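Take a look at the structure below.
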Amino acid sequence: MLMLMEVLKENGIAELRPPQKKVVEGGLLNKNKNFLICIPTASGKTLIGEMAFINHLLDNNKTPTNKKGLFIVPLKALANEKYEEFKGKYEKYGLKIALSIGDFDEKEDLKGYDLIITTAEKLDSLIRHKVEWIKDISVVVIDEIHLIGDESRGGTLEVLLTKLKTKKTIQIIGLSATIGNPEELAKWLNAELIVDEWRPVKLKKGIGYGNKIMFIDDNGNTINEVIVDEISKNNMFNLVVDSILKDGSCIIFCNSKRGAVGEAKKLNLKKYLSPDEISELRHLKEEVLSVLDNPTKTCKDLAECIEKGVAFHHAGLTYEQRKIVEEGFRKKLIKAICCTPTLSAGINMPCRRAIIRDLKRFSSRGYIPIPKMEIHQCIGRAGRPNLDPYGEGIIYINNTENPELIENAKNYLIGNVEEIYSKLSNQKVLRTHMLGLITTGDIKNKNDLEEFIKNTFYAYQYQNTKKILENIYEITNFLEKNGFIELNYRRDENKDKSNNSHNNKKNISNTNNSIKMLVLDNNNSLTIKSRHEEDVYYNITPLGKKVSELYIDPLSAEYIIDGLKNLHKKTLSNPKNMECYILHILYIISKTTEMQPVLRVRRKEENDLINDMIKLDIDVDDVIYGISSENLEYFKNAKLFYDWINEIPEEELLLGYNIEPGILRYNVEQAKWMIHSAKEIFNLLNIDNKVIKDCLNDLEIRMEYGAKQDIIELLKIKHIGRARARILYNAGIKNANDIINNQKNIINLLGEKIARKILSELGVDTKFGQMRLSI
Ligand code: ADP
């Protein structure tokens, strides 16, 4: 404890906060005791995680113990933030800290690191690569563990925790927002539960309408009403200015990126800025504009807002842009931020007044209510320690006083938040993880499988292992049918001795791996039994291993295999139609589950898309019955990628396809990964087809850079991206040799600094004198 307190003091923490004390008194330093900690946002959960890993990773002399700790966060952006923070605090003690959020098929060498900051997905993929340092882990901290209930990501976290919790030598510390059923989660984790309502700054909760804020207590009774000065017709603006004039700052949470940008554009705080602030904000504006070679509309919008003391913040911004906004807000230059709830998910940016603008958001099922837990995390950001006497969390409902809306908002602010539920029944999650567990050898046979399922949160919560097993057997059948795994039936000698009927079984499955078998029962009559009633052993095939390491859905792999086999037939009949094949591959990857949801097709676009699909002979076998609307959507998506790799300006793509820059980036990232996966899978198919191979190789690069075929050779060289490659190509320089033979030209075209880097990459000695000499 002494050592721990010393380390904390050296990092500016003089005293533990009440919930932190409670955890330490509860036995945090007992290295075998798991904890689930549910305390409000911003009250100091991270520090509890830090205490746990300091306790494991440093000895009494504050030197590394050679044990390993993992810190699991839900978002890459958060991983970056924690990495910077922990490096600043703990590297001085000799702890080696790593950030592991890269590509999924990399087997990173993290052996020499003490603390690894990663995401659940990345850790899961590392485990699939059987990294041997896993055995050195002695503490795992899971930030935002309540995300186990998240529809798309919860399953991976659950599988990971199911594995970790069986390893008795690992201490698990789960950090959670307030949830409705913490006891259940804690019991499943074999963890001591610590729940506390303590906050560093008092939070006042209120409902805003018109120019009024009605503050309420925990029972929903009105405490007081505040009238905000009406300086403009825009009530949100009045609410923001009211806070700023009292030296506060505001975050406005909106339900979409577009909403956040729109709201930010409506706020002009120039009148409330000092001359110094105006000049500093101009610098920030320039910084934002210089992040990208060609500033996009989002970039320009952000720059314009920043000049007025406002910003927006959402997943569509680049990492650098986000950092500039966060820094500007912390320095109190940017007075208000309009954002999506991503900002509430852990990024430490408190404000005086947190305003919720929307209580519903658009989803595939139409507009749905935002979970109460999320709203609490957002308003929990209100109250800057040591700066604000209190924080204000306000749900802003409307311009008018509407009793129904007020009641709804009240329900959001008081009472319990939702319970969380296992999302392990999600088919995609199950397919991916069953394959992963068989790859790693965690599941070797039917017994292992049942044991694993019994240990899941799903089985714990629903007490119905049978139901999930039925589901899982369908999945193992799918995996077997498609060649990802093989099922073997080993004779259980003990059973054989006691029951001769086992010797009488006759497999009626053919090589196609049917799942039924004939068995002679005790009355000597033949019955058909499901194979899963027998002793089944699961073996991974090379294809299954590859798909598991690529970390993609086996169903996607199946689409890819099917699609590439069809394409192979096509290339045989018409080997020259490269553009068609490229579009075809882009169409195949658009079908994968990783690429969903794809772009929607508008009625007026349908005819053109159908005509193109027929012309290109893509999925038109059943054209008599029409092309399904889903296929049209996949094709539209493929066309977006096709335009991207043909250097259609980003701005034009965003407008033409009606998407946000962040979504385009995300889709391009995903598509690159799926092309890479297709390439790897194709190599295993034993199909000798150079055309497809070349297409896949080129596409991987073209997708990364959004570039045409002609500059591929240049893009393979480090420090050359799309813009530089185009400059060189237009000047007649087309490959590495041309560069080496035209050094002077390269300097003129790209400047000396860059030219030097590129030449040195190509093995040209670029020491100043020699460079001159060679020119
Ligand atoms: P949470 O993870 O609960 O949302 P954080 O852990 O990010 O919140 O903590 C919010 C802020 O409080 C951080 O800036 C952190 O350094 C600070 N903090 C945490 N514990 C203490 C403490 N005991 N004394 C002073 N500051 C603390």
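The values are calculated or read from the model by the stated rules, or taken from the named source; none is laboratory data. Keep in mind that this is a model prediction, so the values were computed, not measured. Backbone-built Cβ (ideal geometry, glycine too); neighbour counts: all protein chains shown. In case anyone asks, the SASA skips ligands and DNA or RNA and just uses the protein heavy atoms, side chains included. Shrake-Rupley method; radii C 1.70, N 1.55, O 1.52, S 1.80 Å.
Per residue of the chain, what 222 nm ellipticity follows from adding -39500 (n - 2.57) for every DSSP H run with n ≥ 4, rounded to the nearest 500?
Values: 33 runs with 366 residues, N = 775.
Rounded to the nearest 500, the figure is -14500 deg cm²/dmol.
Need the full-extension length gain, K168 to N737, defined as separation in residues times 0.36 nm minus the C-alpha distance. One decimal, nm. Can you show the working numbers first?
Numbers: separation 569, 0.36 × 569 = 204.84 nm, distance 5.82 nm.
Difference between extended and current length: 199.0 nm.
Rounded to the nearest 10 Å², what accessible area does T432 show when all protein chains are kept and the probe is 1.4 Å?
Rounded to the nearest 10, that gives 20 Å².
Mind putting a number on the dipole of the stretch 2-195 about its Cα centre? Charges go on the C-beta only, +1 for Lys and Arg and -1 for Asp and Glu, and I need it in Debye to the nearest 20. Could you put the intermediate results ahead of the total?
Details: 28 positive and 28 negative charges, 124 e Å.
With only Lys, Arg, Asp and Glu charged at Cβ, the dipole is about 600 debye.
With respect to the cross-link table entries K76/K410; K202/K270; K22/K76; K31/K68, which display a Cα-Cα separation exceeding 24 Å?
Working: K76/K410 34 Å; K202/K270 30 Å; K22/K76 30 Å; K31/K68 13 Å.
As for pairs spanning more than 24 Å Cα to Cα, those are K76/K410; K202/K270; K22/K76.
Heavy-atom accessible area per residue, the chain, 1.4 Å probe: how many Å²?
Solvent-accessible surface per residue comes out at 45 Å².
Among the listed pairs K428/K672; K266/K332; K135/K757, give every one whose C-alpha distance is greater than 29 Å. If you can, show how the numbers build up before the last one.
Working: K428/K672 20 Å; K266/K332 20 Å; K135/K757 41 Å.
Cα-Cα > 29 Å for K135/K757; rest within.
Quick one: length gained pulling L749 to E486 fully straight, 0.36 nm per residue minus the C-alpha distance?
Values: separation 263, 0.36 × 263 = 94.68 nm, distance 5.71 nm.
Result for the pair: 89.0 nm of gain on full extension.
Distance in nm between label sites at T222 and E6, each 7 Å beyond Cα in the beta-carbon direction?
Going by the 7 Å Cα→Cβ label model, 5.8 nm.
Put +1 on the Cβ of each Lys and Arg and -1 on the Cβ of each Asp and Glu in the chain; which of H584, M349, A177 then has its Cα farthest toward the positive end of the dipole?
Of the listed residues, the answer is M349.
Looking at the chain only, what percent of DSSP beta bridges run antiparallel? Nearest 5 please.
On the way: 27 of 78 bridges.
Here the antiparallel bridges make up roughly 35 percent for the chain.
Please identify the GluC sites (Glu not before Pro) of the stretch 232-304 that satisfy two criteria: DSSP loop assignment and at most 11 other Cβ atoms within 10 Å. Which are they?
Numbers: sites: E263, E277, E280, E286, E287, E304; in loops: none.
Passing both the DSSP loop test and the Cβ count: no residue.
Sort 57-69, 110-122, 140-152 by packing, meaning the average of other beta carbons within 10 Å per residue, with the highest value first.
Values: 57-69: 16.5, 110-122: 20.8, 140-152: 22.4.
Descending mean neighbour count gives 140-152, 110-122, 57-69.
In the stretch 355-406, what GluC sites (Glu not before Pro) fall in a loop by DSSP, with at most 13 other Cβ atoms inside 10 Å? Don't jump to the answer; show the numbers that get you there.
Numbers: sites: E374, E392, E401, E404; in loops: E401.
Those satisfying the criteria are E401.
Under a cut-off of 17 Å between alpha-carbon atoms, report the lysines in cross-link reach of K753, not counting same-chain residues fewer than 8 places apart.
Cross-link targets: K718, K744, K767.
Assuming R0 = 45 Å, what is the FRET efficiency of E230 and I727, from their Cβ-Cβ distance, to the nearest 0.05? If you can, show how the numbers build up before the last one.
On the way: r = 55 Å, r/R0 = 1.22.
Given R0 = 45 Å and the Cβ-Cβ separation, E is 0.25.
Of K165/K446; K257/K615; K285/K360; K639/K693, which pairs sit farther than 27 Å apart, going by alpha carbon to alpha carbon?
Values: K165/K446 20 Å; K257/K615 37 Å; K285/K360 32 Å; K639/K693 21 Å.
In this structure, K257/K615; K285/K360 exceed 27 Å between Cα atoms.
Dipole of the stretch 552-706, Cα-centred, from +1 at each Lys and Arg C-beta and -1 at each Asp and Glu C-beta, to the nearest 20 debye? Please list the in-between numbers first.
Numbers: 18 positive and 28 negative charges, 62 e Å.
That gives a dipole near 300 debye.
Using a Förster distance of 25 angstrom, determine the FRET efficiency expected from the C-beta separation of E407 and S363, and round it to 0.05. Don't skip to the answer; put the middle values down first.
Values: r = 24 Å, r/R0 = 0.94.
Using R0 = 25 Å, I get an efficiency of 0.60.
Tally Lys and Arg at +1 and Asp and Glu at -1 over the other residues with C-beta under 13 Å from the C-beta of L664: what net charge comes out?
Working: positive: K257, K297, R665, K672; negative: D643, E650, E651, E652, E660, E669.
So the environment of L664 carries a net charge of -2.
Can you list the residues of the stretch 591-618 with backbone N under 12 Å from a point 7 Å past the Cα of N658, pointing along Cα to Cβ?
599-606
Full-extension gain between K693 and L387, please, as 0.36 nm times their residue separation minus the C-alpha to C-alpha distance. All intermediate terms of the calculation are to be shown ahead of the outcome.
Numbers: separation 306, 0.36 × 306 = 110.16 nm, distance 6.02 nm.
The K693-L387 span can extend by a further 104.1 nm.
Would you work out the charge dipole size for the chain about its Cα centre, treating the Cβ of every Lys and Arg as +1 and the Cβ of every Asp and Glu as -1, and quote it to the nearest 20 debye?
Details: 113 positive and 109 negative charges, 186 e Å.
Taking the Cα centre of the chain as origin, the dipole is about 900 debye.
Under a 5 Å amide H to amide H cut-off, with H placed in plane at 1.01 Å, what residues pair with K204 once short-range neighbours are removed?
Excluding prolines and chain starts, which carry no amide H, the hits are G391, E392, G393.
Can you work out ³J(HN,Hα) from phi for every residue in the stretch 392-397, in order, using Karplus 6.51 cos²θ - 1.76 cosθ + 1.60 and θ = phi - 60°, giving whole Hz and x for Gly and Pro?
Once θ is set to phi - 60°, the couplings for the stretch 392-397 become 10, x, 10, 8, 9, 9 Hz.
Roughly speaking, to the nearest percent, how much of the chain's 1.4 Å accessible area is carbon and sulfur?
Values: 16860 of 35090 Å².
With neighbouring chains kept in place, the figure for the chain is 48 percent.
Work through the residues other than A459 whose Cβ is under 14 Å from its Cβ and net out their charges, Lys, Arg +1 and Asp, Glu -1.
On the way: positive: K165, K187, K423, K454, K466, K467; negative: E158, E184, E450, E451, E470.
Net of charged neighbours comes to +1.
Using a basic spin-label model with each label point 7 Å from the Cα along Cα→Cβ, how many nm lie between E132 and T63?
Each label point is offset 7 Å from its Cα along the Cβ direction, giving 2.6 nm.
Enumerate by residue number the chymotrypsin sites (Phe, Trp or Tyr not before Pro) in the stretch 374-412 meeting two conditions: DSSP loop (anything except H, G, I, E, B), and at most 14 other Cβ atoms within 10 Å of the site's Cβ.
On the way: sites: Y390, Y396, Y412; in loops: Y390.
Sparse-neighbourhood loop chymotrypsin sites (Phe, Trp or Tyr not before Pro): Y390.
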